[in-house]
Amino acid sequence: MVFNSYVFVVFFAVLLGLHNLPLPWRVKKINLLLASYLFYAVWNPPFVVLLWLATAVDFLVARRMAREQRPGPRKLLLTISLALNLGLIGFFKYGGFVLENFTALLHSVGIAFQAAKPDLILPVGISFYTFVTLSYTLDVYRRQAEPEPSFLNFALFVTFFPHLVAGPIVRPADLIPQFKTPKQASREQFLWGLFLLSLGLFMKVTLADGLLAPAADSVFGVPFPLAPLDAWAGVLAFSGQIFCDFAGYSTCAIGVALCLGFVLPDNFRYPYAAIGFSDFWRRWHITLSTWLRDYLYIPLGGNRAGSGRAYLNLMITMLLGGLWHGASWTFVAWGALHGLFLCAERLGRGWASRRAAAPSAQSAAAVVLAGPNAGVYRASLLPAFSPGENLTRFGLALGTLLLVNVTWVFFRAADFSTAARLLGAMFGLIPGGKPLLTTIDLLKVGVLTVGLVGAHWLLRDSSLRQAAARLPWWLLGAGWATLLVALVLTQKSSSSFIYFQF
C-alpha cells in the first residue's frame, strides 16, 4: 500500500476511527500492529513471514543477551542476529549481484561458467526494517539500552507502518517509549499531521511524478548524446524528483504518525542549501547518516586513530552507504564520490585550520556522521553576515549543489556508459549532442529548480513549523487548499516511491 492511493485514504480513515475509540490502550496497539501488517502485506503477503522472523529472533536474542554475562555467549547471540538480518538482506538484495560478478570474474580468467539467474523478488522495505532491528540488538549488546519486556511494543516498534517501508530509520529510544503510555493526537498535532501528509503527497504526486519525472526519465533513457542544456535539465529534474519523492515520503510518514499521536524523527533539513558535503549529510537522509555513524563509522575507529585511518573509515562508510542503496556498481560509485568529496573537504579544512593557526571547529569526518542535532545551524546562534559573506556562502552552496548533481548521475543511470554519456554532454565533452526536451520542459525544470533551491536557502536555518507559525491563518489555509487542489488535479496513478526499491 502506498500513501498516494485511494486505498490508503480508506485504510487510514478506518484506522483513525479505531484509534480514537474509547478502547484499552493494549487493544489500540494491537489494532496498530495488525493494520501495519495489512499495510505491508498488500505488496506481497508471504514476505510478512520475513518480518515476523526478524522481529521474533531479535526480540528473543536481545532478552537472552541482556541476561548473559559471559562475553563468548553474548557475541554468539549477536552473531545470530547479524547473520539473520544481514543474511536476509544479502540473499534477497545482493544475491544476484554477487552471482553476476562472480560469473564475470570467472569469465575474465577463461573459465566458462553460466549460472541460472536467480528469480528473486526484493521484499519492499527490507533495507529499512533490518537496520531498525539491528540497532536494537546492537544497543542491547553494547549495554546502551535495556531489552523491551513487551513483545507487542517491540513488534509495533519494528512494524509501525508509517516508517516501515522507507523510513525514517527509527531507533528504539525514538519509538518504544511512546508505546508505553496511551497516545492520541491533540487537535494541533492532528491538524499539523494532516498538513504534513498533504504537503508530502503534493511533493510526490505533483512535483516529483507530475512535473519532474518526465524530463528525468527522457534524458536518462535515451541511448544517444544530448545537448548540454538538455543533459543538465534532465539531471536537475532528477535532483528535484528524488528529493521531492523521498522527502515527500518522510513528510507523509511523520504526518501520518502525528495524526495518531506519535512523533517520528526528522529525515531532511533543506539539503540543497548545504554548504559543503559535511553539511549536506547533516541535512539529507539524516536517520541513515546517523545510523552509519553510530553502527559503522565509530566502531571502525572513527577519527580516533589519526587522519589516515579517519579517511579510510570515512571512505568505507560511504562506499557501504552507496551499496546499501542498491546492488549495482553505479551506487558504489555514487558512495565513492561522496566519500572523496568529504575527504577533500576534511583535508581542506585541516589545511585552512593550520594556516590560520587555530584548531578546526569540526572535522568533516565527524560532521558527516553527526547526530540529529549536532552541528545544525540555528538562527538564534548565527552571527550576522555581511552581504559579501552571504553571497560567498550562497556561492559555496551552489558549488555543493553542482557536485551533488554530478553524483546523482551515477545514482540514476542504469549503467556506467549512460553515466559517462550524460556527464560528457553536461560538460561539453561530446560534440554533436542532440536536443531532446521541449522549451516548456526546460522552463518547467528551470522554474522548479530555482524555486526548490530558493525555498531551501530561505528555510535552511529555520523549520517548516516555525515558518508556518509566522504566517496569518488565512494565508496558511489558502496555501493548504492550493496544495490539495493541485494534488487532486495531478493524481493519475499510484506510483511507488523511489526508495521502495532500496
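For segment 57-81, how many residues are surrounded by 15 or more Cβ atoms within 10 Å (Cβ to Cβ), aliphatic (A, V, I, L, M) and either out of contact with any helix residue (DSSP H, G or I) (no Cβ under 7 Å at 6 or more places or on another chain) or on the phi > 0 side of the Ramachandran plot (or both)?
Selection size over segment 57-81: 1.
Would you mind finding the one in A145, A213, A166 that is in contact with a helix residue (DSSP H, G or I) (Cβ under 9 Å, 6 or more places away or on another chain) and not assigned by TED's automatic domain parsing to the domain that holds D58? Lay out the reasoning, then the answer.
Values: A145 fails: not assigned by TED's automatic domain parsing to the domain that holds D58; A166 fails: not assigned by TED's automatic domain parsing to the domain that holds D58.
The match here is A213.
Out of (1) surrounded by 18 or more Cβ atoms within 10 Å (Cβ to Cβ); (2) over 23 Å from L18 (Cα atoms); (3) in contact (Cβ under 8 Å) with a residue 40 or more places away in the chain, what's the single condition that is false for A213?
Among (1) surrounded by 18 or more Cβ atoms within 10 Å (Cβ to Cβ); (2) over 23 Å from L18 (Cα atoms); (3) in contact (Cβ under 8 Å) with a residue 40 or more places away in the chain, A213 violates only (3).
This table checks each residue for (1) of a type in the set (S, T, N, Q); (2) in contact (Cβ under 8 Å) with a residue 60 or more places away in the chain; (3) buried (at least 20 other Cβ atoms within 10 Å of the Cβ); (4) closer than 29 Å to F161 by Cα.
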{"position": "D266", "(1), (2), (3), (4)": "no, yes, no, yes"}
{"position": "F280", "(1), (2), (3), (4)": "no, yes, yes, yes"}
{"position": "R293", "(1), (2), (3), (4)": "no, yes, yes, yes"}
{"position": "G308", "(1), (2), (3), (4)": "no, no, no, no"}
{"position": "N313", "(1), (2), (3), (4)": "yes, no, yes, no"}
{"position": "M318", "(1), (2), (3), (4)": "no, no, yes, yes"}
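Just one of S289, S218 is closer than 30 Å to I440 by Cα and of a type outside the set (A, V, I, L, M, F, W, C); which is it? Full working, then the answer.
Values: S289 fails: closer than 30 Å to I440 by Cα.
After applying the criteria, what remains is S218.
I'd like the residue in segment 29-56 that is among the polar types (S, T, N, Q) and surrounded by fewer than 19 Cβ atoms within 10 Å (Cβ to Cβ) and, out of all such residues, is nearest to V140 (Cα to Cα).
Within segment 29-56, the subset among the polar types (S, T, N, Q) is 31, 36, 44, 55.
Checking which are surrounded by fewer than 19 Cβ atoms within 10 Å (Cβ to Cβ) leaves us with 31, 44.
Working: N31: 28, N44: 31 Å.
Among those residues, the one meeting the criterion is N31.
Among the residues of segment 93-129, which ones are in a helix (DSSP H, G or I), under 19 Å from S328 (Cβ atoms), of a type outside the set (S, T, N, Q) and within 20 Å of the chain's Cα centre (by Cα)?
The answer is K93, Y94, I126, F128.
Within segment 97-118, is even one residue under 25 Å from L51 (Cα atoms) and at pLDDT 85 or above?
No.
Suppose the filter is part of a helix (DSSP H, G or I), without any contact (Cβ under 8 Å) to a residue 24 or more places away in the chain and within 30 Å of F97 (Cα to Cα); does G335 pass it?
When the stated conditions are applied, G335 passes them.
If a residue must be touching a helix residue (DSSP H, G or I) at 6+ places or on another chain (Cβ under 6 Å) and modelled with pLDDT under 90, how many such residues does segment 325-344 contain?
Of the residues in that region, 2 qualify.
From the list L207, L197, L211, pick out the single residue that is more than 29 Å from P435 (Cβ to Cβ) and of a type outside the set (G, A, S).
On the way: L207 fails: more than 29 Å from P435 (Cβ to Cβ); L211 fails: more than 29 Å from P435 (Cβ to Cβ).
Sole residue among the options that is more than 29 Å from P435 (Cβ to Cβ) and of a type outside the set (G, A, S): L197.
Among (1) under 21 Å from Y136 (Cβ atoms); (2) surrounded by 14 or more Cβ atoms within 10 Å (Cβ to Cβ); (3) not acidic (D, E), where does N20 come up short?
Answer for N20: the failing condition is (1).
Do we find that L487 is modelled with pLDDT under 90, more than 19 Å from L229 (Cα to Cα) and surrounded by 15 or more Cβ atoms within 10 Å (Cβ to Cβ) in this structure?
On the way: modelled with pLDDT under 90: yes; more than 19 Å from L229 (Cα to Cα): yes; surrounded by 15 or more Cβ atoms within 10 Å (Cβ to Cβ): yes.
Taking the combined requirement at face value, the residue satisfies it.
Suppose we keep only residues that are among the aliphatic types (A, V, I, L, M) and in contact (Cβ under 8 Å) with a residue 60 or more places away in the chain within segment 36-55. Which one would you say is nearest to V9 (Cα to Cα)? Write out each step before concluding.
Step one: filter segment 36-55 for residues among the aliphatic types (A, V, I, L, M), giving 38, 41-42, 48-51, 53-54.
Restricting the remaining residues to those that are in contact (Cβ under 8 Å) with a residue 60 or more places away in the chain gives 50-51, 54.
Working: L50: 27, L51: 24, A54: 29 Å.
Looking at the filtered set, the residue picked out is L51.
Give segment 320-339 a look and list any residue that's hydrophobic (A, V, I, L, M, F, W, C) and crowded, with 23+ Cβ neighbours inside 10 Å, or say none.
Filtering segment 320-339 down to residues hydrophobic (A, V, I, L, M, F, W, C) leaves 320, 323-324, 327, 329, 331-334, 336-337.
Within segment 320-339, W334 is the sole residue that qualifies.
Of the numbered conditions (1) at negative phi; (2) touching a Phe, Trp or Tyr at 6+ places or on another chain (Cβ under 8 Å), G167 fails exactly one; give the number of that condition.
Only one criterion in (1) at negative phi; (2) touching a Phe, Trp or Tyr at 6+ places or on another chain (Cβ under 8 Å) is unmet by G167, namely (1).
Need pairs with beta-carbon distance below 6 Å; first residue under 11 Å from L229 (Cα atoms) and within segment 436-447, second outside any helix (DSSP H, G or I); sequence gap 6+ or separate chains.
As it stands, the answer is L436/L226, since those pairs meet every condition given.
Which numbered condition in (1) loosely packed, with under 15 Cβ neighbours inside 10 Å; (2) farther than 30 Å from G321 by Cα is the only one that L402 fails?
The failed condition is (2).
Being in contact with a helix residue (DSSP H, G or I) (Cβ under 6 Å, 6 or more places away or on another chain) and of a type in the set (D, E, K, R) is the filter here; which residues of segment 409-443 pass it?
R412, D441
A quick yes/no check of all residues on (1) over 20 Å from L84 (Cβ atoms); (2) out of contact with any Pro (no Cβ under 8 Å at 6 or more places or on another chain); (3) assigned by TED's automatic domain parsing to the domain that holds G167; (4) not in a helix (DSSP H, G or I):
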position	(1), (2), (3), (4)
K28	yes, no, yes, no
N31	yes, yes, yes, no
A35	yes, yes, yes, no
L38	yes, yes, yes, no
P46	no, yes, yes, no
A54	no, yes, yes, no
V57	no, yes, yes, no
L60	no, yes, yes, no
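The values are calculated or read from the model by the stated rules, or taken from the named source; none is laboratory data. Fair warning: this is a prediction, and the values are worked out from it, not measured in the lab. All Cβ positions, even for glycine, are placed from backbone atoms using ideal geometry, and neighbour counts span all protein chains on display.
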